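Participant: I am attaching a structure below and will ask some questions about it afterwards.
Each reported figure results from applying straightforward, stated rules to the coordinates on display, with no laboratory input. Quick caveat, the model's predicted, so the values are computed rather than measured. Using ideal geometry, Cβ is built from the backbone for each residue, glycine included, and neighbour counts are taken over all protein chains shown.
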Amino acid sequence: MPDIAQSPQPKILVLATLAGGYAGADSTGQSHLDYPANTYVLPVMCPVMFPPEFFVRAFERGIDGIIIMYSGTDSPYKVEADGTAKLINRTYQLMKERGIDIRRLRLAAICTVCVKPFLKEVNQMAELLKGIGFVKNELASRNASAQGAPA
Amino acid sequence: MPDNDKLKIAVYTCYCGGNISDVVDCEKVAKAMGSQPDVVVSRTDMSLCSDAGQSQIEQDIRELGVNRVVIGSCAPTLHEVTFRNALIRAGLNPYLYQHVGLREQDSWVHSNDHAGATRKAMHLMKAGIAKARLLHPLEPIRLQAEKQALVIGGGVAGLRAALDIAQQGLRVVLVEKSPFVGGRMAQLEAVFPTHENARDLLRGLIKKVVNHPGIKIYTQAEVMGVAGYVGNYCAQVIQHSRGVTEENAEALLSACQQEVPDEFNYGLTRRKTIYRPYPGCYPPLPAVDWDNYQGEPISLNGGEPIVLEDVPTSVDVNVGAIVVATGFDPYEPRQGEYGYGELKEVVTLPQLIRHLALSKANHALEWNGHPVRDVAFIHCVGSREIEGVDEPHEDGRINNYCSRVCCTATLHTTEELRQHFPGLNIYDLYQDIRTYGRGHEDYYRDALLGGVRFVRYHGEEHPQVTAASAGDTHPVLIRVKDSLTYNEELEIPVDLVVLAVGMQPRQIDKLVNMLKVSRGTDRFLLEVHPKLRPVETAVNGVVLAGTAQGPMNIQESLSAASAAAAKVVALLGRGRVELQPFVAAVDAEKCNGTGACVEICEYEGAIAVQTFTENGKEVKRAVVTPANCSGCGACVAVCPNHAINVQGWTLSQYEAMVDAIASDIPNMAEVA
Amino acid sequence: MKDLKVDALVVGGGIAGMQAALDLGDQGFQVALVEREPSIGGKMITLSKVFPTLDCCSCITTPKMSAVAHHPNIKLLTYCEVESIQENEKGFAVATVQKPRYVDEATCTGCRLCEYACPITVPSSFDRGLGSYRAIRVPFSTAVPQIAVLDMDNCILCGKCEKACPVDAVVLSQQPEPFTIHATAIILATGFELNELGAKKEYGAAKLPNVIDPLMMERFLSPTGPYGRVLRPGDGMEPTTIAYVQCAGSRDKTLGIEYCSRVCCMYAIKQAMLISGALPMAEITIYYMDIRTFGKGYEQFYQNAKAMGVEFVRGKVASIHEDEKHNPIVKMELTEEGRIIERTHDLVVLSLGMIPAVSSSGFGLVPASDGFISVPAPNASPTVTERPGIFVTGTAGGPMDIVDSIVTAGSAASEASAYIRSKTMIAESQSEVAYA
């Protein structure tokens, strides 16, 4: 019997706002529409609380893809729309420095009833990860090339 | 409980009556969680939200000394509060609770992957446990609440909500955009199923509202901005001038020459730009229609021409709660939809009702000066539209909902027609007759018995309405396939076509953005949950009354308004509200007053750097004002010392959850 | 002996009564909630999942039951019957009887040891006779309160429960206990019953084993049900063709029920969707005259069911009989084709309409022509009855679904609170006068 605890698939983390993406994920559930089970949605009040280092740390721990599902301009927080966009740009910068494929992090505006957009985002990320594989392999090859480089 | 007490975590995995356990192997999840560090008990339950389930949680807290609780069940919006309350009853701080959604975000979306869903449940639960370890007791923010409510909209729902709130001893400010209260109901005549006159009914309600000392009414007024939070909203209300006074009103009314289409009669008649919509309206004083009055001078009794001016004033009202009662608009058919706008013999049902009221004295039904011998009603215009069949509206959507009231309204109108004009031939083109309400079926039966000819069309194949050929007996020809006569193709020549148009929400984009309330796919305002919290929005202290939420008849609007009022009274009656403690908190040990937090914060008065004297030394430190903090956490990301966090949602809690998801579950071989 | 005085009495502990009690209690009024069954929860707690969200019904109902039981302003009185309502200058004096549970409410812990000891098995009314329970039992797993009740009609007085009870809570000598509730206002939430399965003789007169009512189907579909799956009561076989006959007992002059029962279209569609989930190979047909999916989100629900393959056939079912294998045969006129056909199904569900659960005359009210509690001014005060101080919510005032019941509960609570407040203010001003 296969050990069901061992995940065979890359892991997708979704940071979803309570006012947007998290409710959208619940709406998707209420519609009983399937998406890959290697997707883990965590609720957040507003994504601006995360520093770029948070994401890089998550990749280094073995999260293969992250989608921030925010509420965009519909957010109850006035800082959310601009603040999250800036955060993403700063994080992409840091990811490049650390040799992490920036396609592993995506930002999407998802509303409380955005069932189709929610599924599209998750499925796209799952497809992408099938192609580019586990983050640990990417980081290992980066480390290997870093070590191989002359000091 | 001191923080340094040993962690004792209780974990529960709910079957949700099969909703979760049909897909997720809850027993395996519970067993795996039982072997996680600090977990003292891990149970499953058929229905944890039941009284027995909640008692089990309380018992575990009392008997096992549990000090953190993690529950995997339905979405937190449903039962997070339920379980927090169970902790309170057992004497535990309610914020030592972590909710994990295993239904909407696991079993319901991975029904084809039981192993994957079970594995996901384990990771999510493990993440929940990881966060639970880092939870601290929190206290809600307690604030004084204004014992006053704002009602937006002066139609029947708004009026009723205002009255019900005021009758419980709270004060109410009612804001109506138009110059007169009464809303759409005032445009009706006899109402089903009692045949009372709509404006008589309204007059009774308005009288009570106007005479209530606790209600202040603003007409020609608009809410321009809303700030604050539940218990302490501040709304900016712009009040336009009436334009006339008691003294000059009648003279101005008769002297005014400029006319515009009268929206009260849906454009069938014209009215002046200084007007009263109907006799007996409230307020009785006429008003200037500032949208259409262009500053033309008006001469009074041959005197100097005067120019009327709108001098808007702004009022700030402090309220604890807001009732949204903005109502509906009748669906406006597209140009050419069933000939509307192209054939003058095609009208909407609301227009016909006004036409009948205007021509009551006549012995025969006339339209455009011609006698009407044959009339056809078409149901579901702008309702029950089908994707791929019906053309989307301007915003790309289709009205795929049923408007609920049009069937009975149509049959009620046919009854009036049959009574007043016995020789009239009436055709009723429908899909399904939905006379669901008390006494409504009688209209259907009476119409069948009374000779109304019913024709049943399918939504995929609409009736065609065209101008008749020259020389035909009737001006309009309807072609329709009748499924009651085995899909026979009928040609029905008629003098008048009446479109039973549905309801659509008003254009209230500004208000929706201001209040941050959500809309459903039908664009009506969205309740939190149709059964758990049917009149509340996701925004604390903002409730819904009437057709702003969806199609309803008068009776249903009244019930919804009263239900909304009950929520407002329960919320504000005690004069204080409690807010969730999820706001920024500064770690005094780490903060050295860099001010990065203050710089990034966009909330007035939420955070400031203050100077303290400690041990004879001056130290700078950030201080949060909780009532003004939104909990967005912008400050968290920028603090160079990691000295600030949003309580209950800290960065280290997220890191722990990420680690739990990223890592594998130990001991799984034995469990599986 | 246990007379009590409250601001409001709510009669009936179904969803409407519970919500009305909660709405009043939350406003600070003292409320008594009287329920004639041993547990609150009403019809709703027996349902499987609810439309249009397909939430697990128990997940919506049990928290409300729990909230009522724990509310500081609500006194819950189960297994009590209202006998009469007298009016006096202070309000209402409601004669009520506590029926004997033969179990002491204060000491019973709901441990169920009596139930396990009881040798007598009786058909479970909670499961609409499909399952069984003991003569002494906790009414059902999520019952509130969790207190056992002994069904004396079936008890053989063997005494095993008495011996099994660890806290000596079984009291076989209990007698009915009359008491009076003094209340300023009353909300009636007495609910509905389904019309009888045999009401329409042409539909088998309740003699066909595989023709069932929709609440039986709810128990088949419910995870807490007696079987945990859908089967034919006649022989336990898994049905592969299932039919719903709409308006079976509503909109039917011959039965004297001319009104529409409002919920049958939606519950039939919902059950059809749940059955296709439970039995993916099953063919499900709904025979209807008009589909009335008028509530918020309901039309989309109907369209989804069509897309899922539920067959909707327009026609009036004339009669139902059965073949030698007890397969029901539906004879009907296909109105769209103008011919009469017969179709055999494994299982037929009659979408029975709603009738009042109690006669309103017991409350001193004249029933309306439809038999439900009369509301004289629906377009002004939709929850006010003809008798000042008495209000109505939910299906006691005519058929309606759960969403509408909950909204009318808020409305009745608002009306009642305004009434109580006006009465108390008058009483206060009078006592001030008397004082002076």
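Participant: If you take the charge dipole of the protein assembly as shown about its Cα centre, with +1 on Lys and Arg Cβ and -1 on Asp and Glu Cβ, which of B:406, B:202, C:53 is farthest toward its positive end?
Facilitator: Farthest along the dipole direction, towards plus: C:53.
Participant: Order by neighbour count: B:308, B:352, B:48, fewest other Cβ atoms within 10 Å first, most last.
Facilitator: With the sparsest Cβ surroundings first, the list reads B:308, B:352, B:48.
Participant: Translational diffusion coefficient of segment B:534-672 at 37 °C, 0.692 mPa s, Stokes-Einstein with Kirkwood Rh over Cα pairs, in µm²/s as a whole number.
Facilitator: It diffuses with D of about 171 µm²/s by this estimate.
Participant: If you take all C-alpha pairs in segment C:100-175, what percent of them are over 16 Å apart?
Facilitator: 42 percent
Participant: Do you know the relative contact order of chain A, to the nearest whole percent, from alpha carbon pairs under 8 angstrom that are 6+ apart?
Facilitator: Computed value for chain A: 33 percent relative contact order.
Participant: A further question on this structure: Could you derive backbone 3J(HN,Hα) for segment B:143-155 from the dihedral phi with the Karplus parameters 6.51, -1.76 and 1.60 (θ = phi - 60°), listing whole Hz in sequence and x where the residue is Gly or Pro?
Facilitator: Values, residue by residue: 10, 5, 10, 5, 8, 9, 10, 9, 10, 9, x, x, x Hz.
Participant: Something else: Just want the answer: with Cβ charges of +1 for Lys and Arg and -1 for Asp and Glu, which residue in B:379, B:462, B:39 is farthest toward the dipole's positive end in chain B?
Facilitator: Comparing the listed Cα positions along the dipole, B:39 ranks first.
Participant: Explain nothing, just the number: dipole magnitude of the protein assembly as shown about its Cα centre with +1 on each Lys and Arg Cβ and -1 on each Asp and Glu Cβ, in debye rounded to the nearest 20.
Facilitator: 2320 debye
Participant: If you don't mind, there's one more thing I want to ask. Among residues other than residue C:403 whose Cβ falls under 10 Å from its Cβ, what is the net charge (Lys/Arg +1, Asp/Glu -1)?
Facilitator: -1
Participant: Taking the Cβ of each residue in B:559, C:132, A:75 as the centre, tally the other Cβ atoms inside 10 Å and list the residues starting with the fewest.
Facilitator: Least crowded to most crowded, the residues run C:132, A:75, B:559.
Participant: Over the alpha-carbon set of segment B:331-504, work out the extent along each principal axis and list the three values in angstrom, largest first.
Facilitator: So the extents along the principal axes, rounded to whole Å, are 45, 45, 35.
Participant: Taking the Cα-to-Cβ direction at residue C:105 and at residue B:88 and moving 7 Å from each Cα, how far apart do the two end points lie in nm?
Facilitator: 2.5 nm
Participant: Treating only the Cβ of Lys, Arg, Asp and Glu as charged (+1, +1, -1, -1), what charge dipole size does segment C:195-353 show about its Cα centre? Round to the nearest 20 debye.
Facilitator: Dipole of segment C:195-353, to the nearest 20 debye: 400 debye.
Participant: Using just the helices of the protein assembly as shown, give the 222 nm mean residue ellipticity in deg cm²/dmol: DSSP H runs with n ≥ 4 each add -39,500 (n - 2.57), and the total is spread over all residues, rounded to 500.
Facilitator: Taken over the protein assembly as shown, the calculation gives -8500 deg cm²/dmol.
Participant: Give the list, by residue number, of cysteines in chain C with no other Cys Cβ closer than 4.7 Å, or say none.
Facilitator: C:57, C:80, C:108, C:111, C:118, C:155, C:158, C:165, C:247, C:260, C:264, C:265, each lacking another Cys Cβ under 4.7 Å.
Participant: Under the definition of Cα pairs under 8 Å and six or more residues apart, what whole-number percent is the relative contact order of segment B:331-504?
Facilitator: It comes to 32 percent, rounded to a whole number.
Participant: So how much slack lies between residue B:59 and residue B:488, counting 0.36 nm per residue of separation and subtracting their Cα-Cα distance, in nm?
Facilitator: Net length gain for the segment: 147.5 nm.
Participant: For segment A:89-143 and segment C:29-51, what is the separation of their Cα centres, given in Å?
Facilitator: What the calculation gives is 49 Å, centre to centre.
Participant: Measure off 7 Å from each Cα along the Cα-to-Cβ vector at residue B:360 and residue B:615, then give the distance between these two points in nanometres to one decimal.
Facilitator: Once both label points are built, they end up 8.8 nm from each other.
Participant: Just how many % of Cα pairs in chain C lie over 39 Å apart, if you round to the nearest whole percent?
Facilitator: 26 percent
Participant: For B:545-556, what's the mean count of beta carbons from other chains sitting within 10 Å of each residue's beta carbon?
Facilitator: Whole-number average of other-chain Cβ neighbours for B:545-556 is 3.
Participant: With +1 on the Cβ of every Lys and Arg and -1 on the Cβ of every Asp and Glu, and nothing else charged, how large is the dipole of segment B:1-140 about its Cα centre, in debye rounded to the nearest 20?
Facilitator: I would put it at about 340 debye.
Participant: Of B:124, C:14, B:591, which is farthest on the positive side of the dipole of the protein assembly as shown, counting Cα position, with +1 on Lys and Arg Cβ, -1 on Asp and Glu Cβ, and the Cα centre as origin?
Facilitator: With unit charges placed on the Cβ atoms, the residue in question is B:591.
Participant: I want to check the label-to-label distance for residue A:130 and residue B:623. Put each point 7 Å from Cα in the C-beta direction and report it in nm to one decimal.
Facilitator: 5.8 nm
Participant: What ranking of B:445, B:242 emerges when the number of other C-beta atoms within 10 Å of each C-beta is taken as an exposure proxy, fewest first?
Facilitator: The fewest-first ordering by Cβ neighbours comes to B:445, B:242.
Participant: Please report the relative contact order for chain C, taking Cα pairs under 8 Å with a sequence separation of at least 6, and give it as a percent rounded to a whole number.
Facilitator: For chain C, the relative contact order is 18 percent.
Participant: Same structure again: Considering every residue in C:297-305, what mean count of other chain Cβ atoms within 10 Å of its Cβ is obtained?
Facilitator: Taking all residues of C:297-305 together, the mean is 4.
Participant: Considering only DSSP beta bridges with both partners in the protein assembly as shown, what is the antiparallel share in %, to the nearest 5?
Facilitator: In the protein assembly as shown, approximately 50 percent of DSSP beta bridges are antiparallel ones.
Participant: Based on Cα positions only, what radius of gyration and what Dmax would you give for the protein assembly as shown, in angstroms?
Facilitator: Just the Cα atoms of the protein assembly as shown yield Rg and Dmax of 32.4, 105 Å.
Participant: OK, next. Can you tally the net charge around residue A:79? Count Lys and Arg as +1, Asp and Glu as -1, for every other residue whose Cβ sits under 10 Å from the Cβ of residue A:79.
Facilitator: Surrounding charge for residue A:79 is -1.
Participant: Rounded to the nearest 5, what is the percent of antiparallel bridges among the DSSP beta bridges in segment C:195-353?
Facilitator: The answer is about 45 percent antiparallel.
Participant: Let me ask something else. Would you kindly derive the ³J(HN,Hα) couplings of segment B:33-42 from the backbone phi angles with the Karplus curve 6.51 cos²θ - 1.76 cosθ + 1.60 (θ = phi - 60°), listing them in order in whole Hz, with x for Gly and Pro?
Facilitator: Karplus-based 3J(HN,Hα) across segment B:33-42 equals 5, x, 9, 6, x, 6, 7, 9, 8, 9 Hz.
Participant: Ok, one more. How large are Rg and Dmax for segment C:195-353 when calculated on the C-alpha trace, in angstrom?
Facilitator: In Å, with Rg to one decimal and Dmax whole: 14.6, 44.
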